1. Of Phe110, Phe59, Phe233, how do they rank once you tally other Cβ atoms within 10 Å and put the fewest first?
2. For the chain, with only Lys/Arg (+1) and Asp/Glu (-1) charged at the beta-carbon, what is the dipole magnitude about the Cα centre, in debye rounded to 20?
3. Where Lys and Arg each count +1 and Asp and Glu each count -1, what net charge lies around Ala204 among other residues with Cβ under 15 Å from its Cβ?
4. Could you tell me what fraction of 2.2 N^0.38 Å the Cα radius of gyration of the chain comes to, as a two-decimal ratio?
5. Based on DSSP, what percent of beta bridges with both residues in the chain are antiparallel, to the nearest 5?
6. Would you mind working out the magnitude of the charge dipole of region 29-83 relative to its Cα centre, with +1 at each Lys and Arg C-beta and -1 at each Asp and Glu C-beta, to the nearest 20 Debye?
7. So what is the relative contact order for region 20-124, in percent, with contacts set as C-alpha pairs under 8 Å and at least six apart?
8. I want to verify a result. In a Gaussian network model of the chain, Cα cutoff 10 Å, which of these has the top mean-square fluctuation: Arg25, Arg64, Arg112?
Amino acid sequence: MTSSIGRDSPIGSSSPIGRNSPIGRVVVLLGAPGAGKGTQAQILSKRLGLAHVATGDLFRAAVRDETPLGTVAKAYMDRGELVPDTVTIKMLLERLSKPDAAAGILLDGFPRNTAQADALDKALAEAGGSVDIAPYIEVPESDLVARLSGRWICRAEGHPYHEQANPPLVAGVCDIDGSELYQRTDDQPATVQARLRQQLGALAEVVAYYRDRGLLKPVDGRRGIDGVSEDLFASIAAATGTQG
Ligand code: ADP
Ligand code: ADP
């Protein structure tokens, strides 16, 4: 097994995550756009001591920094479409090779289709790990539009807020890092509709993928943020043997 990953390592090469020791706990947080994955991942990653890995945040950072990856991703994101798998999987595996992922990861926004789920399983298996649980935050489609169109996120870290459900203490300012809040361009009504239309089918396939493997844990996402957190924490703690 190789012990490092080159930036150009082909996907599926031996040990693509690039570690000799097995990766720790792996939690795959599932939900439609706007279901509350980012909100919950931020809370739970701290509580569980897991690295929060959000592919949407990685793409937005690449767009902000005007990297070649950002240029490719932006065109898809602006249309509400998924970024192609080759690009996305390579980016994810590079992120998982970072030291902070060794203790365990909380994935937010990946996998988004069954090809990505297969690639993740394969990479984890080659690094001696596997997915422990896939909690699924269930929110009716009718609520998603209101959640997305009222969302504001911070420039520095993408911490999410909502005009009504989760407002910041000071309007326009992130409670956590003090950076400016803004509305994502893909949260405009036309793109929201496109994202839901294009991504909900793939989400259903990913949900079935984890259900077939006995890893899916549906959680009622219609409750308040704290209630959803408690349900998620209980499920993840039970699946990973975490004390809490
Ligand atoms: P996702 O990462 O799944 O797209 P977010 O965590 O960004 O979702 O949440 C989408 C929007 O919904 C944000 O504005 C967030 O503040 C709000 N939100 C998150 N959880 C809840 C909840 N349980 N009830 C009401 N609003 C919520
Ligand atoms: P949300 O949870 O609100 O849908 P994300 O921040 O997870 O938003 O993703 C924003 C956009 O980034 C997606 O609409 C898509 O274009 C792209 N993206 C994020 N994760 C993936 C992924 N795993 N595969 C392909 N595209 C992705």
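None of the figures in this text is laboratory data; all of them are computed from the coordinates on show. From a predicted model like this one, the values you see are computed outputs, not experimental measurements. Every residue, glycine among them, receives a Cβ derived from its backbone with ideal geometry; neighbour counts consider all protein chains shown.
1. The order, fewest Cβ neighbours first, is Phe233, Phe59, Phe110.
2. Its charge dipole is roughly 220 debye.
3. Combined, the nearby Lys, Arg, Asp and Glu give 0.
4. 0.97
5. Numbers: 7 of 24 bridges.
Expressed as a percentage, antiparallel bridges in the chain total about 30.
6. My answer is approximately 240 debye.
7. Relative contact order of region 20-124: 43 percent.
8. It is Arg64.
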